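Single-structure report; data block below.
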Amino acid sequence: MAIRPLPLMLIALVGMGVAKLTLSVSETEQALPVGGNFFAGPANAATSTPPPEPEATPVPQATQASAELNCDMPEEMLLAIKSEREMLEDQKAALARREAEIDLAGEKTRQDQAELAELKTELEALLAKVEAAQTDDVRRLVALYSNMKPKEAAAIMNDLDIEVSVMVLGSMNERTAAPILANLTPIRARAISKIILERSKLPGDQRLDNLKL
């Protein structure tokens, strides 16, 4: 039995329509967004706002610069900086110890000065007492020799220590000392007169060489 041309053409047309419909449905499914509304038009799609992105936490500039510096610096340079900081800390500690030692030495010096000042005061007071006692003794000797007869006083002073004779005669008034000096031996009288004359001069100007007693 021979197939007629008209039914064949109808069958081909129906197949082509079914293929086009299938292709159109597939393209429509791909164009729809996931979870979107099937009836949303192009205008709604254009005006839809995308979800906001999370804001990045700002990094402090100093921390960021330090991190970048540490990342950029080689390990040898970081070790050198660390060693330099340790050396500076050691120098600061040594300087603090030195300042403490200086303060302690200054305090000790002030204490020593106070003790020396106190000792000086005590010595001056003691010397004043000794000088006063010596003055009293000289005054007593002068009074004793002044009450003697000149010849008796001269006889004693001829054998007395030259320093004591000079001290006693030098403390007497001229009227009392003159008769005693006149009764001394000539050598003794000249020596005492020379010492009394030179003792008022400075030690470098005194001329007591070859003095005969």
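Where a number appears in this text, it was derived from the coordinates with a stated rule and is not lab data. The model shown is predicted, which means the values in this text are computed figures rather than measured ones. Because the Cβ atoms are built from the backbone with ideal geometry, glycine has one as well, and the counts that use them run over all protein chains shown.
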(request) Would you check which residues across segment 177-192 are assigned to a helix (DSSP H, G or I) and over 11 Å from Ile162 (Cα atoms) and list them? (result) Ala177, Ala178, Pro179, Ile180, Leu181, Ala182, Pro186, Ile187, Arg190
(request) Please verify whether segment 130-152 includes one or more residues that are surrounded by 14 or more Cβ atoms within 10 Å (Cβ to Cβ) and among the small types (Gly, Ala, Ser). (result) yes
